[in-house]
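Visitor: Next up is a structure, given as structure tokens.
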Amino acid sequence: MTNSLRPQGHRGAALPPAQQSARGVPSPRSSPTLKAATSLTPKAATGAAAPGTKPAKQRDAFFDNAKYLAIVLVAMGHAWEPLKGQSRVLEAAYTVVYAFHMPAFILISGYFSRSFDMRADRLKRLVTGVAVPYVVFEVAYSLFSRWADDNPGQSISVLDPLYLTWFLAALFVWRLTTPLWKLVRWPLPLALVIAMLASVSPDIGDDLDLQRVLQFLPFFVLGVFMKPEHFQLVRRREIRILSVPVFATALVVGYWAVPRMNTGWFYHRDSAQQLGAPWWTGPVMTLALFGCSLLLTACFLSWVPRRKLWVTALGAGTLYGYLLHGFLVKGGEYWGWFNHAWLHKPLGEVFVTLVAAAGVTLLCTPPVQRVFRFAMEPRMEWAFKRDATELARERAGTAKS
């Protein structure tokens, strides 16, 4: 939901306990109430499993489809950024998309982070799947900016997220706090209070993009406490029907608001004072945008297919698409791809939208995942101590043989 392609630090998106994936964005798992889409291994699909091993859990098509569609909206929004200034219609669509695409992605991330605790294997996955990719892509984006934009002054700072990396920094912080949210009595109201206080605190600073970490926090906390039946509710037929006039109304309101409202509110990266508004508007806008984002997220999820489609398998690679598409969009800005006059016409805007959707789709595919797995899912066995339980099992197995 935020204009994450701008350099933020340099200015003037009953189930069994969910398991974390190796990537920063958690992998969805199936439940008895939700249809399973595709198994993780061929043996799981045939029912054959090696003796003494647990059956592989299945991914849920609904969540994979939702993640894929959300990341497509993210890429489209970033591609619209250089074009929207000359089109009120495009800016209205941009505003509506930015109102819910990152909240939807963050809510799903929270839902599949709900089993996170300080267990050694989960901390290891947090480091290899979130912290390491954050450092790698923070450096990569900084070097890319130096080269493509001829900007030798671009610094490298792991404390000052650049472009899209803010989400990984935020996810790292959010997931570490998951056990705390399970302890407090009123987690969502507390998260909302924290977000409202952040919106009136211009001195928070840019370290780890903390302003966005705090302002987006309620969506993650809500996801932690979501249950399968909540997703079943939004997938009812009547909700899908009602979502059509809701989205139509949102587009009309967005069109009306374009010349009257600062779109910076949707990025959640600044305080009210930094947006030129009185301090008291911060808490008001925080609550208003939270309600608006949840309504549009529910409408979005109501139209997500629940069956397995050809794009379902791409849901496992959404973090690849998220982090890699930034190089294409920023490269296009640096090299003037968006400066052609015909791209600012309606047909050109449609063309850019289709290219953005196709590009991020390709970046989520398995071949791309295999190429960049070293950076996104490093095993790093050399960096961690062997778990005592695992060593005991290996010794027991050796003794039996």
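Every number in this text was worked out from the coordinates using simple rules, so none of it is lab data. All values reported here derive from a predicted model rather than from experimental measurement. We place every Cβ from the backbone using ideal geometry, glycine too, and count neighbours over all the protein chains shown.
Visitor: Mind telling me which of the residues P133, P218 ends up being in contact with a Gly (Cβ under 8 Å, 6 or more places away or on another chain) and either under 22 Å from I108 (Cβ atoms) or of a type in the set (S, T, Y) (or both)?
Guide: On the way: P218 fails: in contact with a Gly (Cβ under 8 Å, 6 or more places away or on another chain).
So the residue among P133, P218 that is in contact with a Gly (Cβ under 8 Å, 6 or more places away or on another chain) and either under 22 Å from I108 (Cβ atoms) or of a type in the set (S, T, Y) (or both) is P133.
Visitor: Looking at the stretch 320-341, which of the residues that are aliphatic (A, V, I, L, M) and within 19 Å of the chain's Cα centre (by Cα) is surrounded by the most Cβ atoms within 10 Å (Cβ to Cβ)? Show your work before the answer.
Guide: So the first thing to find is which residues in the stretch 320-341 are aliphatic (A, V, I, L, M), and the list is 323-324, 328-329, 341.
Applying the additional criterion that residues be within 19 Å of the chain's Cα centre (by Cα) yields 323-324, 328-329.
On the way: L323: 25, L324: 23, L328: 18, V329: 23.
In this case the residue turns out to be L323.
Visitor: Conditions: (1) part of a loop (DSSP other than H, G, I, E, B); (2) among the basic types (K, R); (3) buried (at least 24 other Cβ atoms within 10 Å of the Cβ). K67 meets all but one. Number of the miss?
Guide: (1)
Visitor: Now for a different question. Somewhere in the stretch 159-179, is a residue more than 24 Å from A375 (Cα to Cα) and either touching a helix residue (DSSP H, G or I) at 6+ places or on another chain (Cβ under 8 Å) or aliphatic (A, V, I, L, M) (or both)? Outline the logic, then answer.
Guide: Within the stretch 159-179, the first condition is being more than 24 Å from A375 (Cα to Cα), and the residues that meet it are 177-179.
From what's left, either touching a helix residue (DSSP H, G or I) at 6+ places or on another chain (Cβ under 8 Å) or aliphatic (A, V, I, L, M) (or both): 178.
So far as the stretch 159-179 goes, yes, one or more of its residues are more than 24 Å from A375 (Cα to Cα) and either touching a helix residue (DSSP H, G or I) at 6+ places or on another chain (Cβ under 8 Å) or aliphatic (A, V, I, L, M) (or both).
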